[in-house]
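The values are calculated or read from the model by the stated rules, or taken from the named source; none is laboratory data. All figures in this text were calculated on a predicted structure; none of them were measured in a lab. In this analysis, Cβ positions are derived from the backbone assuming ideal geometry, glycine residues included, and neighbour counts consider all displayed protein chains.
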């Protein structure tokens with residue numbers, strides 16, 4: 001009754017093709033954005049620092065990965081590597097060039113990740129499926145090694161870890177959790193919008209055709225080289241920017257272990273649990289994976305149980321693993337599918353006819 | 001020359017151990033089309049079970065003999081692995097029939113996490129040792145041919161022999177027994193196998209148990225070399241390039257891929273490492289496999305991938 005498109009007539013192509021065709025959706029998204037930009041920065045520092053900002057950055061990375069895996073169908077286990085490239089490249093631009101604006105170094109970091117992503121994407125033209133997944137591990141282990149062993153990348157830092165301080169954007173400082181949060185939020189919103197529009201455009205449809213059946217796509221005139229490599233490029237650009245944000249904004253000081261293979265798996269989990277081929281799903285998946293460990297940590301306290309930290313971390317592993325299997329069995333299309341089912345139901349509610 | 005041979009032999013030994021883990025991957029992929037990421041976790045789990053049972057069982061039953069303890073622990077650990085196989089089939093895989101490859105891959109990743117957590121909850125998270133009485137002292141071969149001879153660890157030689165024996169037993173099992181034939185039939189075509197009365201579920205339990213057996217043997221050998229600890233499940237990641245280099249569907253491929261990767265890794269570390277700053281062992285295998293796949297996308301012995309529209 002509340003949520004349906006009855007009476008909302010489209011009188012132009014623009015209106016017909018907008019991202020959210022239903023008025024209620026637009027209002028809800030607008031309200032969410034207003035809440036995120038206006039009310040959220042006043043949340044407690046712990047929330048902003050430990051939950052919301054990591055969630056935003058990881059959603060951005062998951063979004064990037066989703067373009068590659070969900071839209072173009074190329075499985076990648078090397079996402080951590082592209083994040084690392086983004087972070088370290090941005091760091092080098094930031095440190096080596098005086099007066100480099102923060103946003104410029106973040107974006108340049110993303111561009112470097114793009115270059116590396118395309119390089120490691122070239123094998124995808126010949127290798128497919130699981131073989132490709134394992135091949136992308138090469139990127140992961142190679143960058144792990146490179147950032148640990150080659151002193152140039154860490155600006156000859158003796159400890160192997162790098163750090164940034166005194167960040168500012170257009171003269172505004174990015175110091176407090178609220179300011180960091182707002183910077184991340186702005187970038188995430190911009191990239192999500194861009195990504196959504198890309199996937200609705202011709203190139204997005206080429207990616208999806210490639211995913212559904214690459215031979216058939218090639219037969220109808222889609223160039224596999226172009227489609228696959230652009231997917232790798234766009235995906236690793238977004239992932240690279242997310243990596244740079246993760247290093248600069250969330251961690252402040254980091255070493256290659258921050259972008260290890262566990263990060264790659266974590267992002268892949270987000271994409272699968274959130275929903276393959278869905279922008280919204282990336283956010284759901286990130287929220288799920290970020291909140292779950294916190295929830296699992298808190299839970300014994302609520303029941304008045306106290307368990308040792310070692311046991312807690314093992315139990316967390318078990319529950320995490322079991323939940324992933326459970327989710328895959330119950331809803332292999334992810335949380336995004338649950339969400340759209342919910343919306344379909346809502347359209348008829350409360351009168352089923 | 002002696003040094004080169006030593007490196008080469010060292011590479012072959014390590015390679016044999018990689019093949020042991022890779023075998024588990026190939027067995028499961030062949031029979032069920034699941035790329036089993038959990039093989040590494042299974043190796044850790046089996047090794048943990050073995051290490052702890054060999055400690056506990058003499059304690060429970062009150063005897064001293066090391067041989068008997070190891071034997072009983074092996075049986076107990078094998079029983080645990082069969083149970084794990086059965087549970088995985090029952091609770092996860094049978095519900096995921098006909099899902100896409102990536103979903104199954106993710107499911108095995110979930111199983112990996114679960115097994116890592118479960119193993120350490122049940123068996124503890126210290127470093128344990130497995131003592132199956134393997135000799136630790138090295139021997140020197142070919143002393144007459146080269147100056148100084150070639151130094152080989154006896155432990156490695158035994159490990160390689162065990163691995164070779166395991167491969168032999170597995171290929172006999174696959175070729176000669178009726179269960180092996182059924183497994184190969186399932187690998188060829190699920191539906192056809194089912195239609196002539198081969199029970200898929202039971203076959204899958206058997207395959208996962210056999211993979212569990214391979215994991216147990218690998219776990220014992222790795223465990224007695226390095227000690228049983230969490231990092232054991234990371235060693236198993238090295239088996240991934242081995243599998244794709246050899247071809248996902250080929251048992252001989254896993255063996256030869258393992259040997260190639262083992263040798264390549266050691267030789268590159270010695271002769272190429274100093275030029276690049278050392279430690280290249282961690283990525284060399286992957287890059288080798290990647291470059292190789294560019295030439296032969298299905299690996300050395302994999303079935304040719306034919307695209308049909």
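Summary table
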{"item": "Residue check, residue B:114 outside any helix (DSSP H, G or I), surrounded by 22 or more Cβ atoms within 10 Å (Cβ to Cβ) and within 10 Å of chain A (Cβ to nearest Cβ)", "result": "no"}
{"item": "Residue match in region A:186-205 (condition: more than 30 Å from residue A:50 (Cβ to Cβ), surrounded by 19 or more Cβ atoms within 10 Å (Cβ to Cβ) and without any contact (Cβ under 8 Å) to a residue 40 or more places away in the chain)", "result": "no"}
{"item": "Residue tally, condition under 27 Å from residue B:231 (Cα atoms), more than 14 Å from every other protein chain (Cβ to nearest Cβ) and surrounded by fewer than 24 Cβ atoms within 10 Å (Cβ to Cβ), over region A:228-261", "result": "5"}
{"item": "Only listed residue being in contact (Cβ under 8 Å) with a residue 40 or more places away in the chain and in contact with a strand residue (DSSP E or B) (Cβ under 8 Å, 6 or more places away or on another chain), chosen from A:174, A:225", "result": "A:174"}
{"item": "Test: residue in region A:262-278 that is part of a helix (DSSP H, G or I), more than 14 Å from chain B (Cβ to nearest Cβ) and over 14 Å from residue A:55 (Cβ atoms)", "result": "no"}
{"item": "Selection from region B:47-71 of residues that are closer than 29 Å to residue B:203 by Cβ and touching a helix residue (DSSP H, G or I) at 6+ places or on another chain (Cβ under 7 Å)", "result": "B:47, B:48, B:49, B:50, B:53"}
{"item": "Test result for residue B:87, more than 30 Å from residue B:191 (Cα to Cα), part of a helix (DSSP H, G or I) and out of contact with any helix residue (DSSP H, G or I) (no Cβ under 8 Å at 6 or more places or on another chain)", "result": "no"}
{"item": "Test: residue in region B:44-55 that is over 25 Å from residue B:225 (Cβ atoms) and away from chain A (no Cβ under 13 Å)", "result": "no"}
{"item": "Single match in A:327, A:284 (criterion: assigned to a helix (DSSP H, G or I), modelled with pLDDT of 90 or more and crowded, with 18+ Cβ neighbours inside 10 Å)", "result": "A:284"}
{"item": "Residue list for region A:16-27, filter: under 22 Å from the mean Cα position of the chain (by Cα) and either without any contact (Cβ under 8 Å) to a residue 60 or more places away in the chain or exposed (fewer than 12 other Cβ atoms within 10 Å of the Cβ) (or both)", "result": "A:20"}
{"item": "Residue list for region A:116-166, restricted to those being facing another protein chain (nearest Cβ under 7 Å), surrounded by fewer than 15 Cβ atoms within 10 Å (Cβ to Cβ) and either within 23 Å of the chain's Cα centre (by Cα) or closer than 18 Å to residue B:297 by Cβ (or both)", "result": "A:126"}
{"item": "Residues satisfying the stated conditions in region B:89-107, i.e. at the interface with chain A (Cβ under 9 Å from one of its Cβ atoms) and closer than 13 Å to residue A:325 by Cα", "result": "B:91, B:92, B:95, B:96, B:99, B:102, B:103, B:104, B:105, B:106, B:107"}
{"item": "Helices (runs of 4 or more DSSP H) contained entirely in region A:1-92, each with at least 1 residues that are touching a strand residue (DSSP E or B) at 6+ places or on another chain (Cβ under 6 Å)", "result": "none"}
{"item": "Residues located in region B:291-309, provided they are in contact with a helix residue (DSSP H, G or I) (Cβ under 8 Å, 6 or more places away or on another chain) and in contact (Cβ under 8 Å) with a residue 40 or more places away in the chain", "result": "B:292, B:293, B:298, B:299, B:300, B:301, B:302"}
{"item": "Given (1) at negative phi; (2) at pLDDT 90 or above, number of the condition residue A:172 does not satisfy", "result": "(2)"}
{"item": "Those helices (runs of 4 or more DSSP H) lying entirely in region B:243-297 with at least 2 residues more than 11 Å from chain A (Cβ to nearest Cβ) and surrounded by 21 or more Cβ atoms within 10 Å (Cβ to Cβ)", "result": "B:251-271"}
{"item": "Residue list for region B:228-239, filter: within 11 Å of chain A (Cβ to nearest Cβ) and under 29 Å from residue A:151 (Cα atoms)", "result": "B:234, B:237, B:238"}
{"item": "Count of region A:245-261 residues which are part of a helix (DSSP H, G or I) and in contact with a helix residue (DSSP H, G or I) (Cβ under 7 Å, 6 or more places away or on another chain)", "result": "11"}
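Yes or no, residue by residue, for (1) surrounded by 22 or more Cβ atoms within 10 Å (Cβ to Cβ); (2) modelled with pLDDT under 80; (3) over 26 Å from residue B:243 (Cα atoms):
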| site | (1), (2), (3) |
| --- | --- |
| B:40 | yes, no, no |
| B:69 | no, no, yes |
| B:73 | yes, no, yes |
| B:84 | yes, no, no |
| B:91 | no, no, yes |
